[in-house]
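> Supplied in structure tokens, the structure appears directly below.
The values are calculated or read from the model by the stated rules, or taken from the named source; none is laboratory data. Bear in mind the structure is a predicted one, so any value in this text is a computation, not a measurement. A quick note on method: Cβ atoms are made from the backbone with ideal geometry, for glycine too, and the neighbour counts reach across all protein chains shown.
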Amino acid sequence: MLDFEEELKKFHPNKEVEDVEKIIYERDLTDVSDIVKSMLDELRYGQDNSR
Amino acid sequence: MKCYNCGIDTGFETICPNCGMNLIINKKIAAFSNYWYNDGLERAKVRDLSGAMESLKKSLKINKENIDARNLLGLIYLEIGETVEALTEWVISKNLQPEDNLAGSYLESVQQNAGRLETINTTIKKYNQAIKYCNEKNDDLAIINLKKVLTINEHLVKAYQLLGLVYIKQENYKKAEKYLKKALNINKTDSRTLRYLKEASSKVEAVKKIKKKSENPEVKVKKEKNRTVYTTGNDTIIQPIAVKERTGLSSVVNIMIGVILGTLVVGFLVIPAINQSAKNDTANSVTKVNEQLADKEAQINDLNKQIEESNKKIEELQKNVETSADTSNTYTNLLTALNYYNAKDFENAANSITSVNTELLSTEAKAMYDSLLAQVNDEVVKIYYTQASNYFKGGDYANAINFYQKVVGINEGYDSGMALFNLARSFELSGDTENAKTYYNKVIESFGKYKIGGLSQKYLEAINAANPDNTEANVQ
């Protein structure tokens, strides 16, 4: 049996066309490549410091 | 493939030729991203759009620059009616790869039609309004809005789902089933659609069963005090019996309750509403009056500007009139001078010609003026010089200065410098030693070899001797 009120809470207002810019700015675009790169950078930085 | 360290295109190399970075990890990441893209594509082909979206999001989380995955995700968003999300993906895609990118054509197709963007926004607003109506328990208004939304954007799965949910709430399971099936045709694996559809379909089935059983003679019907119970096998359906209206005293009590409720409604709802309306009317009137005042002020400002402009035009016209009068006077003076010259009245010719404003003359008239002036000057200078000499001899140095200045003004070296010398003398004799010194110096400068030069030097020294403070400044 569905609980109407609970189900209704799952529906959120849609963003409007004017909000596209804001959505893009707020989007976190970090991907695995970025993570790998930052890890390698940290590794290199650590090695340089130990030398 | 791009090197993740320096960003250049490395082709199929495993070591970046630019920075020497090992690209094996990079290639593995790209392959993994492509795996999820392919998975998403396969799912999209069979309209498993929810699954496709999940796969494509994974693909992009692994490699954000997987342009095909991002463009396909945008297309899927468009298919389920989420235009804003679709636009977002395509804009990001276009920014990551500006050239040779399908997202560009997708964006163009949307942006070229300004009406389409407006329609999208209208749909979104109506959908949001429908959610608000649902929260306010205005189910009928929500249904109207959602149906409007679906006529404009028949792919908006969320609108179908909400409409189905509202119909389920209203126990209109057939309609709920109808709209949810439409949503399922767009996205076959949306868990929410499936859940709602399961609920609606089960209820529709139950109603069908009840109908069949009521027609079935095996159904046992048992009438109780306030309800009728139908029993067939293990299924039991209870139907409440409509309550009969009471008569007599209960009717009077009901009427009284109705009157009290009516009064309360008027007191708490109608009168405040009327007061609010009156306040709104007053506020509107004030706003209108303010607007009218602002309009009037604007009109007054405009009129003031017009008055200023008119005044400026009047001033210009007056100036033009004055200039015209001056021009006319100038030409009259020139003609008068010409007449005097022809009549050999050189002094009056000179007087008239000095009144001519050469700036107002045409080129031809200016040439005539120059010619006449040269001729008049020759004649008039003689007259001025004679008059100046007479005044000088008579001791009227003020008039002598006046006429000598005129002579010197026309010809500074007139009568071998005598005019200049006599002017200096006139100044000295009239007590104006400063001007006297100036003109003595001029005589010394131009006619120093002659007698008047020596005399000028002598007079200058005498003046300087009388005023020793200024001696150095004045001796040349």
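> If residue A:4 satisfies every condition in (1) more than 30 Å from residue B:119 (Cα to Cα); (2) in contact with a helix residue (DSSP H, G or I) (Cβ under 6 Å, 6 or more places away or on another chain) but one, which is the exception?
Single failed check for residue A:4: (1).
The rows are residues; the columns are (1) assigned by TED's automatic domain parsing to the domain that holds residue B:410; (2) surrounded by fewer than 16 Cβ atoms within 10 Å (Cβ to Cβ); (3) in a helix (DSSP H, G or I); (4) hydrophobic (A, V, I, L, M, F, W, C).
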residue	(1), (2), (3), (4)
B:297	no, yes, yes, no
B:318	no, yes, yes, no
B:325	no, yes, yes, yes
B:328	no, yes, yes, no
B:373	yes, no, yes, yes
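> Can you tell me which residues in segment A:1-24 are within 7 Å of another protein chain (Cβ to nearest Cβ) and more than 20 Å from residue B:132 (Cβ to Cβ)?
A:2, A:20, A:23, A:24, listed by residue number.
> Every residue in segment B:401-424 that is closer than 17 Å to residue B:452 by Cα and either under 60 Å from the mean Cα position of the chain (by Cα) or of a type in the set (Val, Ile, Thr) (or both), please.
Selection gives B:408 alone.
> For segment A:8-22: of the residues being part of a helix (DSSP H, G or I), at pLDDT below 90 and touching a helix residue (DSSP H, G or I) at 6+ places or on another chain (Cβ under 6 Å), which is nearest to residue B:93 (Cα to Cα)?
Applying the filter and picking the extreme gives A:20.
> Answer yes if at least one residue in segment B:58-75 is of a type outside the set (Ser, Thr, Tyr) and in contact (Cβ under 8 Å) with a residue 60 or more places away in the chain, and no otherwise. Reasoning before the result, please.
Looking only at segment B:58-75, we keep the residues that are of a type outside the set (Ser, Thr, Tyr), and these are B:58, B:60-75.
Of the ones still in play, those that are also in contact (Cβ under 8 Å) with a residue 60 or more places away in the chain are B:65.
Yes, that holds for at least one residue.
> On to the next question. Among the listed residues B:7, B:20, B:11, which satisfies the condition of being more than 14 Å from chain A (Cβ to nearest Cβ), outside any helix (DSSP H, G or I) and surrounded by fewer than 20 Cβ atoms within 10 Å (Cβ to Cβ)? Working first, answer last.
Numbers: B:7 fails: more than 14 Å from chain A (Cβ to nearest Cβ); B:20 fails: more than 14 Å from chain A (Cβ to nearest Cβ).
Step by step, each of B:7, B:20, B:11 is checked, and only B:11 is more than 14 Å from chain A (Cβ to nearest Cβ), outside any helix (DSSP H, G or I) and surrounded by fewer than 20 Cβ atoms within 10 Å (Cβ to Cβ).
> Quick check on my filter: what residues within segment B:90-138 are surrounded by fewer than 16 Cβ atoms within 10 Å (Cβ to Cβ) and among the β-branched types (Val, Ile, Thr)?
The answer is B:119, B:122.
> In segment B:142-169, which residues are of a type in the set (S, T, N, Q) and at pLDDT 90 or above?
Passing the criteria: B:145, B:151, B:161.
> Something else now. Mind counting the residues in segment B:165-218 that are touching a residue at least 40 places away in the same chain (Cβ under 8 Å) and buried (at least 16 other Cβ atoms within 10 Å of the Cβ)?
So the count comes out to 5.
> When residue B:409 is evaluated against the numbered criteria (1) part of a helix (DSSP H, G or I); (2) at pLDDT 90 or above, which criterion, by number, is the only one it fails?
(2)
> Can you name the helices (runs of 4 or more DSSP H) wholly within segment B:112-231 that have at least 3 residues being of a type outside the set (A, V, I, L, M) and within 14 Å of chain A (Cβ to nearest Cβ)?
Numbers: elements: B:114-135, B:139-152, B:157-169, B:173-186, B:191-215.
The qualifying helices (runs of 4 or more DSSP H) are B:114-135, B:157-169, B:191-215.
> Determine, yes or no, whether residue B:81 is assigned to a loop (DSSP other than H, G, I, E, B), closer than 20 Å to residue A:23 by Cβ and not basic (Lys, Arg).
Details: assigned to a loop (DSSP other than H, G, I, E, B): yes; closer than 20 Å to residue A:23 by Cβ: yes; not basic (Lys, Arg): yes.
Criteria met by residue B:81.
> Further question: Of all residues in segment B:36-69, which are more than 20 Å from residue B:88 (Cα to Cα) and either crowded, with 21+ Cβ neighbours inside 10 Å or within 14 Å of another protein chain (Cβ to nearest Cβ) (or both)?
Once the filter is applied, which keeps residues that are more than 20 Å from residue B:88 (Cα to Cα) and either crowded, with 21+ Cβ neighbours inside 10 Å or within 14 Å of another protein chain (Cβ to nearest Cβ) (or both), segment B:36-69 yields B:36, B:43.
> Quickly run through segment A:25-41 and pick out the residues that are at the interface with chain B (Cβ under 7 Å from one of its Cβ atoms) and of a type in the set (A, V, I, L, M).
Within segment A:25-41, A:29, A:32, A:36 qualify.
> Would you call residue B:275 under 30 Å from residue B:371 (Cβ atoms) and either in contact with a strand residue (DSSP E or B) (Cβ under 8 Å, 6 or more places away or on another chain) or surrounded by 10 or more Cβ atoms within 10 Å (Cβ to Cβ) (or both)?
Numbers: under 30 Å from residue B:371 (Cβ atoms): no; either in contact with a strand residue (DSSP E or B) (Cβ under 8 Å, 6 or more places away or on another chain) or surrounded by 10 or more Cβ atoms within 10 Å (Cβ to Cβ) (or both): yes.
Answer is no for this residue.
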